[in-house]
Structure formats: structure tokens, C-alpha cells
Amino acid sequence: MVVKVTPLCLLYWLLISRWWLMVSTSGMVLIPLTHSLSKTQFTTPHHLLKTTLTRSATRFRHHLHHRHKQVSVPLSPGSDYTLSFTLGSPSSSTISLYLDTGSDLVWLPCSPFECILCESKTPPLSPPLNLSSSATAVPCKSSACSAAHSSLHSSDLCAIARCPLDSIEMSECNSFPCPPFYYAYGDGSLIGRLYKDSLTLPNSLSVQNFTFGCSHTTLGEPVGVAGFGFGRLSLPAQLSSVSPQLGNRFSYCLVSHSFDSNRVRRPSPLILGRYEDKENQFGNELVEFVYTGMLSNPKHPYFYSVGLEGISVGKRNIPAPENLKRIDRRGSGGMVVDSGTTFTMLPASLYDSVVTEFDHRVSRFYKRANTVEETTGLSPCYFYNKVVAAKVPAITLHFAGNGSSVVLPRKNYFYEFVDGGDGVREKRN
């Protein structure tokens, strides 16, 4: 008889909440997020793991090497969640975009649309937009135009738009549209123009004069992005102008999917606003929050950053490097909370220390799957017959301040899959 044994790999995932907030929507709006896995097929779990790991590393490196200017990194299958809304009046179009807390611009493909080198990419989530009759170009003198062009002075933008000198001097350039802007990505780019139109959320809340980017040509970027980062062009920032109680606060609960095709179709809620009733209860228990303060980044004000004090493996605490606890004047340090990155990226020294301690505890009970590590690029992996929870150490992330420690669910960092499913080798877990 064949004994099934399976490799498990140590993974660091974004924290995933399994709670659904069931409260009155008078002070908040719930918008369903759809995970891209429900529309994408992968041959094996470790194929998906490798894809998301490569994607996370690319996004991390691009942020790291472009600290002198604002850039975003494209989102790809396996790491992203999408939301939908309608744009335009009186004729409206339903738009589906990736949610991204790492950028602050909302942009979408517009008809006619061409995506260069997109053969292997996810097709657009919705048809390219045909601008409605109510859409208007953003003038070059507006603050929104300056924001899209890295805060260039309005006079410079008016000159780029070929506004006459006398009009520039008299500040009469509102009839000239904002020049096209360029956005560079980790493996793609786009050129777009800014427009304003009415945006309507699923709860029928409308935002008039909503500013968004319209792109007719992209490189490796077939799907638009809804930026949720700090910045005046982000969706929450623009929403706050008409509904401060909704736009000034948002959160999201990412439902654990574990690559299960049935569970992944369950929507995750994006929560705009916050329920203010202090007597609100979740079941019979008062809702309590563990929190850590956001760190201000002078060079990257659109990032949401937190401080990491250390990581515990079992009862042993491994301190984080000092630069992960705070952000310096050059904008370096801290941990960016990024909805577009599946894996939590750690400095090599901290990661190696965590893995060494983890392996020291686990390898006493399970044999290392070295061949699997070589073929998949995932490490450390172990063969096993049956997982005993007591033999897998708990991993806890310790954030700065307020005793904000979070114990990760085991499946977030110890994932099971079958090796040898090619019909040639023996299947092992």
C-alpha cells in the first residue's frame, strides 16, 4: 500500500480575518470584494504559490528601488481583490478594478484600448469604458492635475498643455485640459488623461465630479486599479469630500480561501466608514480591537506603514531590525500594509532567523523535502503522514505599541499540497 505523505512549506501571508461585520449600515457601507482566483485557473497549488511569491517579490523590489518618486506596481492573479461601481450619467457603465492600498490613483482602460504585451495577462475585468456625455476633462490648473503629475506647479502644467503665456500669467488656463500623465509599474506602464464624472457605489451613494485616469494604451497592464492609499486622488479621499463619515475610514476582511475553488468564491467585505455605536456587540461579546499606530512616511505619504517589533516562533521571540520599527527622514523603514502583496516580505536576516528556529523545531518530527524545495523554489518543506498541531510552533507577529501581537492561523504559514501528481513519481504529502 502506498503511504501518502505531503510537503508543507513555511509561508508568510497577509493577516486574514474570518469575521463578517453584521451591523447597521447607517454609518457604513459594505462592498463585496471578489478574489481573482475565482476567475483564474492554476495547474497545481505550488504553481500558484510560486506565481504569487514572484509577484510579491517583484512588487517589493520595485517599491524599494523607486523611493525617489511615486510608483505603483501592477496587481496580478492570486494576490488581488476587485471591487465594482458604476461611472457616468445618464448612461452608466459598471467598472471592475483591483483594490490597491499601495497607490492613490483610480484609473481604468478606456475605449479604444490597446494593451501591449498582454497575451499572458489576465483579460480586462470589464469592457473598456466609453466615456459618457457627462464626463469632462480635468483642467491643467487644477490641484488634481498637479497630483497626477507628481505635484508639478500649475504654471508648468499649463505650459505643457500649450496654454498661452498671457493666460498663464493671468491664471486663465481652465479651458486647457490636464496633459497626459505617465505611470511606471514593476512590469508595465500606461499613459492616461484625467477626467471627472459621477461615480455610484453599490449602496447608491454618488460622488459627483469624481476624478479618474482614462488610459487608451498600456504596456503589460490590461486591468485598471482603484487606489486606496493616502493622497487626494484615492477613492476614499474623494469619497470623504461628500461623506466624511465614510471616506475617512475604511477596512477590509479578506476571507481565507486556502486555494480552495469553492471557498475562494465567497466575497470578502470592503467596509467604508465605521459603526459608531459603542454598545455594538458581536454576538454576545463586546467587539475589541488590537491596534498599532500608523507611521508617517515623509517620502511616501501614500503608503500605510506600521512598525514591527519582532516575530515569535513558539516561545522564542526574534527581535526585528531597528529599521522595521520606525521610518527615518529619508522614508526608509517600517512595514508597508499592501493589499496587492500576498506574501509578507521580510529582510533576509530576520527571515533566516525565523526559518532556522522553525526548522529546528519541526525537523525533529518531519523529514525535509529537499527535492521539492529544489523543484518548487519553496522552502522549508517537509514530508509528513499526519500533522500534529503540537509539533508545529505558533508564529506571532509583534507590532509596535499597545501590545498589538497577532497569532497567525497555522494554515497561513504551513500549507499542505501533494507532490508527485505527474503520474511518474509516488504521490507524497
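Filter the strands (runs of 3 or more DSSP E) completely within the range 177-250 down to those with at least 1 residues that are surrounded by fewer than 21 Cβ atoms within 10 Å (Cβ to Cβ).
Strands (runs of 3 or more DSSP E) meeting the threshold: 181-184, 189-200, 206-219.
Please verify whether the range 188-196 includes one or more residues that are among the aromatic types (Phe, Trp, Tyr) and over 22 Å from Leu239 (Cα atoms).
Checking the range 188-196: not a single residue is among the aromatic types (Phe, Trp, Tyr) and over 22 Å from Leu239 (Cα atoms).
Going by what's in this entry, would Gly340 be described as open to solvent by less than 50 Å² (accessible area, probe 1.4 Å), touching a Gly at 6+ places or on another chain (Cβ under 6 Å), assigned to a loop (DSSP other than H, G, I, E, B) and not assigned by the TED database to the domain that holds Ser103?
So Gly340 fits the description; yes.
Do we have any residue at all in the range 122-129 that's out of contact with any His (no Cβ under 6 Å at 6 or more places or on another chain) and either more than 27 Å from Gly220 (Cα to Cα) or part of a strand (DSSP E or B) (or both)? Break it down into steps so the answer makes sense when it comes.
Initially, the range 122-129 is screened for residues out of contact with any His (no Cβ under 6 Å at 6 or more places or on another chain), giving 122-129.
Among the residues that remain, those that are also either more than 27 Å from Gly220 (Cα to Cα) or part of a strand (DSSP E or B) (or both) are: 129.
Within the range 122-129 (the criterion being out of contact with any His (no Cβ under 6 Å at 6 or more places or on another chain) and either more than 27 Å from Gly220 (Cα to Cα) or part of a strand (DSSP E or B) (or both)), the answer is yes, since at least one residue qualifies.
Is there a residue in the range 198-214 that is under 18 Å from Cys158 (Cα atoms) and aromatic (Phe, Trp, Tyr)?
Among the residues of the range 198-214, not one is under 18 Å from Cys158 (Cα atoms) and aromatic (Phe, Trp, Tyr), which makes the answer no.
Hand me the list of strands (runs of 3 or more DSSP E) wholly inside the range 364-429 holding 2 or more residues that are open to solvent by less than 70 Å² (accessible area, probe 1.4 Å) and modelled with pLDDT of 85 or more. Outline the logic, then answer.
Values: elements: 381-383, 395-399, 405-407, 414-416.
Here the list reads 381-383, 395-399, 405-407.
Quick check on the range 350-359. Is at least one of its residues over 20 Å from the mean Cα position of the chain (by Cα), modelled with pLDDT under 90 and more than 25 Å from Lys386 (Cβ to Cβ)?
No, the range 350-359 has no match at all.
Can you list residue pairs whose Cβ atoms sit under 6 Å apart, with the first residue in the range 144-157 being not assigned by the TED database to the domain that holds His300 and the second being open to solvent by 40 Å² or more (accessible area, probe 1.4 Å) and in a helix (DSSP H, G or I)? Count only pairs 6 or more apart in sequence or on different chains.
none
The values are calculated or read from the model by the stated rules, or taken from the named source; none is laboratory data. No experiment lies behind these values; they were computed from the predicted model shown. Every residue, glycine among them, receives a Cβ derived from its backbone with ideal geometry; neighbour counts consider all protein chains shown. Calculation scope for accessible area: heavy atoms of the full protein, side chains included, ligands and nucleic acids excluded. Shrake-Rupley method; radii C 1.70, N 1.55, O 1.52, S 1.80 Å.
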